[in-house]
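Coordinate-derived values only; no laboratory data. Everything numeric in this text was worked out from a predicted model, so none of it was measured. Cβ sites come from the backbone with ideal geometry, for glycine too, and all protein chains shown count toward neighbours.
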C-alpha cells in the first residue's frame, strides 16, 4: 500500500493550486488498488474539500499517516513532518539563498525530497510543469500593463477571471494598437505566451521581418537563445555550446529593444548567461520598450529592471529610466515592469488540471512499477539525511558557502 497525502499550501501569499485534482485522485484509486489518498483540509485550495469527498476521498488532517506528501510551493520549515517523502517546488537547485534553511531542515528531518522542477525524462526533458500557464498569464498581464501604462484600454486582472476560457475572451474583447512585441523563450513558458498572443490576434513574424519594419497591426516575434546571444569571439555557436559555456557569450538583445514596445521574457535562465541589457541602456533614446513582462522573474539578472518580484494584488511597478530606481509605473519616465513570480496561481483550476494530468501520467506509475524509468531517482534530492549523488553539488550551498 502506498499512501499519498495532498497537503494544504501554507506559503504566503496563498497558493490555490494543487498537484492532484479530485478527478485525478479518483483515477488513481480506480487504477491502483493498493493506493490510498488522504486530503488535508484547506480553505485556500481552488478545489474545495467537498469536491474530494464527493469522489469518495478521505479529508483528514492526519498527514502523519501518509508515506508521500504532495504539495506545490515550499513547505514552511515548522510544518515539515520528519521521515516523510515530499514533492514540492523547493527552489533550491539554483542555490537560492532564501531557501538554504529549508533544505537544511529537510536533511535534518531525514526527509526524502523530490523536486517537481527536476522530474525529467531520461533525456533531461521536464515532465511536469506549470510553465504553459505562467506564459499565458504573463503575456496577458504584459498586454494589460501596456493598456494601463498608455491609457488605451483596461483589462480585468487574470485572478478575477474564472478560467482560461474567460481570460481568452477578455483579451479578444480589446483592440490592440500596432505594437511590436518581442518574446524570448521557446519552451513551455514561451509557448504559453505565444498561445495568448495568437489568441489576441497578434501576428507572428520572423525576427528578420520584425526588425526595421512598420506594421499596421500588432505583431510579435519569438526568439531563442542564439537569436539574442552571440559568442564573444565571433565564432558560430549552437544551443548545446551556449548552455555548456554561457560565459563565452554576450548579449545581442539591444537591437530588439530599439524595435519592440513590449518585452515578454519567457526564457529559461542558466547560471552564467549574459544579461539581456545593462541598466544604463534604458537611459538611451533608442530603448523603445515601455513594458517588460518578466515571466521568468529572476531578480536582478539577467533582466536588470526586475528589482523585485511583484504580487498578484499589485502586479506592476515602474523603473525610472534615468535613475534605475523604482517609481510609479504611470510616471512618464517609467518603464512598466510586471514581475509576478507565481503567475499560474491566477488560473489555479486550469493550471492544476494541466499539472495533475502530467503528474498522473509520468510520476504516479513510478510508485507501482519499481520506478523502471528512473523518474523518481532523477528527482530525488535527499535521502537518509544526505544529498543524493545527483545533487551533491549543493553541499557547499547547504553549508552556507
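Distance between the modelled labels on residue 67 and residue 206, one decimal in nanometres: 5.4 nm (7 Å Cα→Cβ projection). Helix 188-199 and the longest principal axis of the C-alpha atoms of the chain enclose an angle of approximately 60°. Panel values: segment 161-209, Kirkwood radius from alpha carbon pairs, Stokes-Einstein at 25 °C and 0.890 mPa s, translational diffusion coefficient 205 µm²/s.
Each peptide among 110-121, 372-383 gets the average number of other Cβ atoms lying within 10 Å of its residues, and from highest to lowest they stand as 110-121, 372-383. Per-residue ellipticity at 222 nm computed for the chain from its helices equals -7000 deg cm²/dmol, with DSSP H segments shorter than 4 residues left out and the rest contributing -39,500 (n - 2.57).
The equivalent ellipsoid that matches the C-alpha gyration tensor of segment 242-288 spans semi-axes of 22, 12, 8 angstrom, in descending order.
Can you compute the FRET efficiency between residue 82 and residue 286 using 1/(1 + (r/R0)^6), with r the Cβ-Cβ distance and R0 = 60 Å? Round to the nearest 0.05. Step by step, r from the Cβ atoms, then E = 0.55. Over all Cα atoms in segment 286-401, the spread is summed up by Rg and Dmax: 20.6, 60 Å.
Kindly put 301, 286 in sequence by how many other C-beta atoms sit within 10 Å of each C-beta, fewest to most. Please list the in-between numbers first.
Values: 301 13, 286 10.
Arranged by neighbour count, lowest to highest, 301, 286 become 286, 301.
Helix 22-31 versus the longest principal axis of the chain: what is the Cα-based angle in degrees, 0 to 90, to the nearest 10? Around 50 degrees separate the two axes.
Taking all C-alpha pairs of segment 108-250, those more than 25 Å from each other amount to 44 percent. The alpha-carbon positions of segment 37-195 define a convex hull whose volume is 175 Å³ per residue.
Between 285, 274, 207, the residue with the greatest mean-square fluctuation in the GNM of the chain (Cα pairs under 10 Å linked by springs) is 285.
Each 20 Å bin, from zero up to the one with the longest distance, holds this percent of the alpha carbon pairs of the chain: 26, 55, 19, 0. Each DSSP beta bridge with both residues in the chain is either parallel or antiparallel, and the antiparallel ones are about 30%. Fewest neighbouring Cβ atoms within 10 Å first, the residues 132, 123, 390 line up as 123, 390, 132. The ranking of 21, 323, 388 by Cβ neighbour count inside 10 Å, starting from the fewest, reads 323, 388, 21. Pop the C-beta distance of residue 215 and residue 377 into the FRET formula with R0 = 60 Å and round what comes out to the nearest 0.05. For residue 215 and residue 377, the calculated efficiency is 0.75. Between segment 134-178 and segment 300-348, the C-alpha centres lie 16 angstrom from each other. All Cα-Cα distances of segment 131-346, cut into 10 Å bins from zero to the largest, leave 9, 37, 39, 14, 2, 0 percent in each bin in turn.
For segment 131-346, the antiparallel share of DSSP beta bridges with both residues in that region comes to about 35%.
Across segment 372-401, the residues whose backbone nitrogen lies under 19 Å from the label position 7 Å along the beta-carbon direction of residue 97 are 394-401.
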